[in-house]
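Peer 1: Take this structure, written in structure tokens, and hold onto it; I'll ask about it next.
Every number in this text was worked out from the coordinates using simple rules, so none of it is lab data. All values reported here derive from a predicted model rather than from experimental measurement. Counting neighbours? That spans all protein chains shown, and the Cβs are built from the backbone with ideal geometry, glycine included.
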Amino acid sequence: MNERKSVGSGVSWEEEYGYSRGVRVGDHIYIAGTTATGPDGVVAPGDAAGQARYALDKIETAITSLGGVLGDVVRTRIYVVSIDDWKKVGRVHGERFGTIRPANTLIRADLIGDEYLVEIEADAIVGSAMRG
């Protein structure tokens, strides 16, 4: 039977609304929709690329804490409030995943909180990273 492990990022919403930042079952890791929320609130207000970088940092931290590496990511989903931000956010995604090249979907969506411009999800399979 596969053991289930979860990790939080310290955002109060996780406990209040009953979810984890990431969950690992067997060799699969699922990362919840992740925004640029820091200890003091929204990070990089008005900067979609900056928010994407911060969200991807949080995603990498969650994956690492669950025993994976960023290279294990096989799927990402990006949600943007303004479709005009897709290239900026896409470039940030490319900076982090250029050689990994997970399957990806980018969607325009309304996000909770007016300051949030980007939300990103990721799925990983531990041990799937291409090795040297």
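Peer 1: Whole angstrom only: what separates the Cα centroid of region 78-118 from the Cα centroid of region 25-46?
Peer 2: Centre-to-centre distance over Cα atoms comes out at 13 Å.
Peer 1: Using mean Cβ contacts within 10 Å as the protection proxy, how do 98-108, 62-72, 17-27, 76-86 order, highest first?
Peer 2: Working: 98-108: 12.7, 62-72: 19.7, 17-27: 15.8, 76-86: 17.6.
The densest-packed peptide leads the list: 62-72, 76-86, 17-27, 98-108.
Peer 1: Can I ask one more? By how many nm would the segment from ARG75 to TRP13 lengthen if fully extended, with 0.36 nm per residue of separation less the alpha-carbon distance?
Peer 2: 19.9 nm
Peer 1: Another question, if that's okay. Can you give the local net charge around LEU106? Use residues other than it whose beta-carbon is closer than 13 angstrom to its beta-carbon, Lys and Arg +1, Asp and Glu -1.
Peer 2: Values: positive: ARG75, ARG77, LYS87, LYS88, ARG91, ARG108; negative: ASP84, ASP85, GLU119, GLU121.
Once positives and negatives cancel, what remains is +2.
Peer 1: Just round it to a whole percent: the fraction of Cα-Cα distances in region 20-65 exceeding 14 Å. Each step should come with its number before you reach the end.
Peer 2: Details: 518 of 1035 pairs.
In whole percent, the long-distance tail amounts to 50.
Peer 1: Here's another thing I want to ask about it. Taking only C-alpha pairs under 8 Å that are 6+ residues apart, what is the relative contact order of region 4-125 in percent?
Peer 2: On the way: 231 pairs, mean separation 39.8, N = 122.
RCO, region 4-125: 33 percent.
Peer 1: So for region 4-125: antiparallel DSSP bridges make up what percent, rounded to the nearest 5? Before the final figure, lay out each step's value.
Peer 2: Details: 22 of 28 bridges.
Approximately 80 percent, going by the DSSP bridge assignments.
Peer 1: Here's another thing I want to ask about it. Show which lysines lie in cross-link reach of LYS5 when reach means a straight Cα distance below 26 angstrom and same-chain residues fewer than eight apart are skipped.
Peer 2: LYS58
Peer 1: Ok, one more. On each of the three principal axes of the Cα atoms of the chain, give max minus min coordinate, whole Å, ordered largest first.
Peer 2: Dimensions of the chain along the principal axes of its Cα atoms: 43, 37, 21 Å.
Peer 1: If you rank HIS28, HIS93 by fewest surrounding Cβ atoms within 10 Å, what's the result? Please list the in-between numbers first.
Peer 2: Working: HIS28 17, HIS93 22.
Fewest-to-most Cβ neighbours within 10 Å comes out as HIS28, HIS93.
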